[in-house]
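Trainee: The structure that follows is given in the form of structure tokens.
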Amino acid sequence: MTLHTPPPPLPPEGGRIVEEPMAEALSRRYLAYALSTITNRALPDVRDGFKPVHRRILYAMHQMRLNPQAAARKCAKVVGEVMGGYHPHGDASIYDALVRLAQDFAQRYPLVDGQGNFGNIDGDNAAAMRYTECKLTAAATLMLQGIDQDAVDFRPTYDDQDTEPTVLPAGFPNLLANGSSGIAVGMATSIPPHNVGELIDACLELLQRPEATTAELLAIVPGPDFPTGGVAVEGPAALLEAYETGRGGVRLRARWEIEDLGRGARQIVVTEVPYQIQKGRLIEQLAELIEQKKAPLLGDVRDESAEDVRIVIEPKSRTVEPEVLMETLFRLSDLEIRFPVNMTVLDADGTPRVLGLKGCLIAFLDHRRDVLIRRSRWRVEKIEKRLHLLEGLRLIFLNIDEVIRIVREEEQPKAVLIARFGLSEVQAEFVLDTRLRQLARLEELAIESEYKTLSDELAGLNALIVSPGKQSKRLAEDLEAVRKAMVSPRRTLISEASDTAAPPPMEAFIPREAITVILSERGWIRAARGKVEDPSELKFKEGDALGFLIPAYTTDKLLIAASDGRVFTVGADKLASGRGHGEPLRLMIDLEEGVGIVNLLAHQPGARLLIASRAGYGFIAPEDELLAQKRGGKQVLNGEMLAALRVTGDHVATIGENIKALIFPLAELPEMARGKGVKLQAFKQGGLADVTVFDGGHGPEWADGGGRRRNWPDWKDWLGKRAQAGRQGPRGLRKFR
């Protein structure tokens, strides 16, 4: 926001009224508020990943020497120290930030070691600060390492009584490791946590190959790694776009498994819930779905969690598929969430920017390089001061007798030492303060050894400061050490899932039960539960008999092929009970009078049918293309349909009404969804009597007049090309089925 007019001049001394247009006054003050919110409250720094309150908490605890080896102190003491010295805001906001730094279900790498009740994943709040205690974790010490060695800039605190760091040295990429979220004025940030081992590997790759692309980095950092685990099911393309642009989202699901209870009973156990989802609220949400009957496949839900998450979900019945139930719950509840990715951060200059994965890692490495150089220069200064003193001592050892005489006899030994040996004032003071026992021979050797060691270190540091290559090597060594100290296995599984935006099909809500479909010759259809062991015991209306008997499930779609060339679709769950005679099929489909049923099948996705007409034409049709949505079915064959057989082999055998048979490879038939097809067998008169599909490895079978099945061992004698006339069939061959 740009102000085009300068602020009005201040009123004279003692005045209280400033004349200024209201719009300009509001704009100027709102801009100041917005900038303060953005830079001092809501957005994290890309270098250390902290907002001011978190940085001040860690620095105050560092000043209180609450390191991992120290005893914990009351959180109230820490909050008071932060509020009084660094953060002029309420104690509640400071304590809330401190609690979050200690929660292992909120932070991938907790920075505060909390002792006491710090809340839980159910959504319960932490105890009051007067009851809880805290100290720093080992990860926090890595973030603060070198802060007393001029590694970062300091600024005055709000009351000018002390100083505070503008940024922490940050031994690991905390911004991406622990993530961040916040809402400012006109902008917001939402950064998911990641695995620090993967992040460091990506940093090492960038140190070796700065030109590495985001896609190459994603091969190392495949996605977020949330502290509560779960399964990230966002596609690779969407993840690449989010990490390339800094904006996007990640679909995160609960992790679950199936427990077999025996006798066909199963239950679903959720072991990990999505990040930032309160387990207690999630269970209430699932219970509401049952109460409001929005999840008809869900029977019951209960919480059996102890230290680990264990949410038990019971299907409505044994026939409910757990995968279908979970897909429904993912769509209806917080078992699946979309975690937004919005990498809005403050850069090294304090400017809000949106960075991708590579930009954040490069900013971290630039910061670490700056910290390394500053710490090296600080160490160089210390070494140079020490070497200056050691040089004075070395000179004294060469003239020890003269020095002792001067100290004993001269009234102003300091001035005489400076004049006699050319010492500096600091060296002279150091010599005079040295104890006599430090002038022994062994001490001289120790001084020479220290002088050589420090000289070598000084040379190495000076070379490091001016060499980017040496700096990169040192950064890599430091990151490797951090990686060994913080390595932990990945918790979030990176996977893919189907889109659950659309509701599941209606058959998903149908309990899956085994049935036997019974269709009589006169067209009465019904479904008997289970398997019909003895078809002869089935009862029909007077003058009727069994036409078709097929096993199926209530979730199946039935394909009904009619002689007029149409294929109808009926849901198996719509059939009448097998206890009676059923109901007429014509009440379910628009089947005209005089049209017969050619075949009845339970649809198998991906399967194929051989469609043949009485005129001797045919083709292969995919079953998925035959499913009809309307009562009128689908017109598949142009002509009178003779057969609709499921393809289960690689050869076709035909027999004409002239009793001539022909066998040819199935591959000679085209695959199509509808039409007339191609000629199967040539006839001078009559048409096709029957057709079958068989496996060439076993040979075909045919039915004799007595209803018995007979083998055809010499079938290859009838092998030819499609559309040939064939030759006289074996004695008794009239049909195959």
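Quick note: the coordinates plus some simple rules give every number you see, no bench work behind them. In this text, all values refer to a predicted model and were calculated from it rather than measured experimentally. All Cβ positions, glycine included, derive from the backbone under ideal geometry; neighbour counts span all protein chains shown.
Trainee: When a/c is below 1.5 the answer is rounded, else prolate if a/b is larger than b/c, else oblate, so apply that to segment 584-676 with a ≥ b ≥ c taken from the square roots of the Cα gyration tensor eigenvalues.
Mentor: Since a/c reaches 1.5 but b/c is at least a/b, the shape of segment 584-676 is classed as oblate.
Trainee: Any number yet on Rg/Rh for segment 255-334, C-alpha, Kirkwood?
Mentor: 0.93
Trainee: Any lysines with Cα under 27 Å of the residue 679 Cα? List them, leaving off those in the same chain fewer than 8 positions away.
Mentor: 634, 660, 716, 721, 735
Trainee: Once amide H atoms are built 1.01 Å from N in the peptide plane, which residues 5 or more positions from residue 299, or in another chain, come under 5 Å H to H?
Mentor: The answer is 314, 316.
Trainee: Hey, if you put +1 on the Cβ of every Lys and Arg and -1 on every Asp and Glu Cβ in the chain, which of 524, 240, 86 ends up farthest toward the positive end of that dipole?
Mentor: Result: 524.
Trainee: So what's the net charge close to residue 686: Lys and Arg +1, Asp and Glu -1, counting the other residues with Cβ under 12 Å from its Cβ?
Mentor: Taking every other residue near residue 686 into account, the sum is +2.
Trainee: Around residue 283, under 12 Å between beta carbons, what's the net of Lys plus Arg minus Asp minus Glu among the other residues?
Mentor: Within the 12 Å Cβ shell, the charges total -3.
Trainee: Report the charge-dipole magnitude of segment 50-169 in Debye, nearest 20, computed about the Cα centre from +1 at each Lys and Arg Cβ and -1 at each Asp and Glu Cβ.
Mentor: For segment 50-169, the charge dipole is close to 200 debye.
Trainee: Mind ordering 57-64, 79-86, 210-217, 691-698 by average Cβ neighbours within 10 Å, highest first?
Mentor: 57-64, 79-86, 691-698, 210-217
Trainee: Classify segment 132-266 as rounded, prolate or oblate, taking a ≥ b ≥ c as the square roots of the eigenvalues of its Cα gyration tensor: rounded when a/c is under 1.5, otherwise prolate if a/b is larger than b/c and oblate if not.
Mentor: The shape class here is prolate.
Trainee: Can you name the helices of the chain, as whole DSSP H runs, whose Cα span along the helix axis is 27 Å or more and whose Kyte-Doolittle mean is not below -1.0?
Mentor: Taking the DSSP H segments of the chain (at least 27 Å long, mean hydropathy at least -1.0), we get 357-398, 441-466.
Trainee: Next up: Just how many % of Cα pairs in segment 50-169 lie over 22 Å apart, if you round to the nearest whole percent?
Mentor: Taking all Cα-Cα pairs of segment 50-169, the fraction more than 22 Å apart is 29 percent.
Trainee: Taking the Cα centre of segment 511-728 as origin, sum charge times position over the Cβ atoms of Lys and Arg (+1) and Asp and Glu (-1), and report the length of that vector in debye to the nearest 20.
Mentor: Using Cβ point charges on Lys, Arg, Asp and Glu, segment 511-728 gives about 280 debye.
Trainee: Let me ask something else. Taking the Cβ of each residue in 272, 384, 133 as the centre, tally the other Cβ atoms inside 10 Å and list the residues starting with the fewest.
Mentor: 384, 133, 272
Trainee: For segment 612-659, what does the alpha-carbon gyration tensor say about shape, rounded, prolate or oblate, given a ≥ b ≥ c as the root eigenvalues, a/c under 1.5 as rounded, and a/b over b/c as prolate?
Mentor: oblate
Trainee: Let me check I've understood the local charge: for residue 610, count other residues with C-beta under 15 angstrom from its C-beta, Lys and Arg +1, Asp and Glu -1. What total comes out?
Mentor: Residues close to residue 610 contribute a combined charge of +1.
Trainee: If you don't mind, there's one more thing I want to ask. Can you compute the helix-only [θ] at 222 nm over the chain? Use -39500 (n - 2.57) per DSSP H run of at least 4 residues, normalise by all residues, nearest 500 deg cm²/dmol.
Mentor: That calculation yields -10000 deg cm²/dmol at 222 nm.
Trainee: Dipole of the chain, Cα-centred, from +1 at each Lys and Arg C-beta and -1 at each Asp and Glu C-beta, to the nearest 20 debye?
Mentor: 2820
Trainee: Related question: Around residue 696, which amide H atoms from residues at least 5 apart in sequence, or from another chain, sit under 5 Å from its own amide H, with H modelled in the peptide plane?
Mentor: Placed amide hydrogens put 650, 651 under 5 Å from residue 696.
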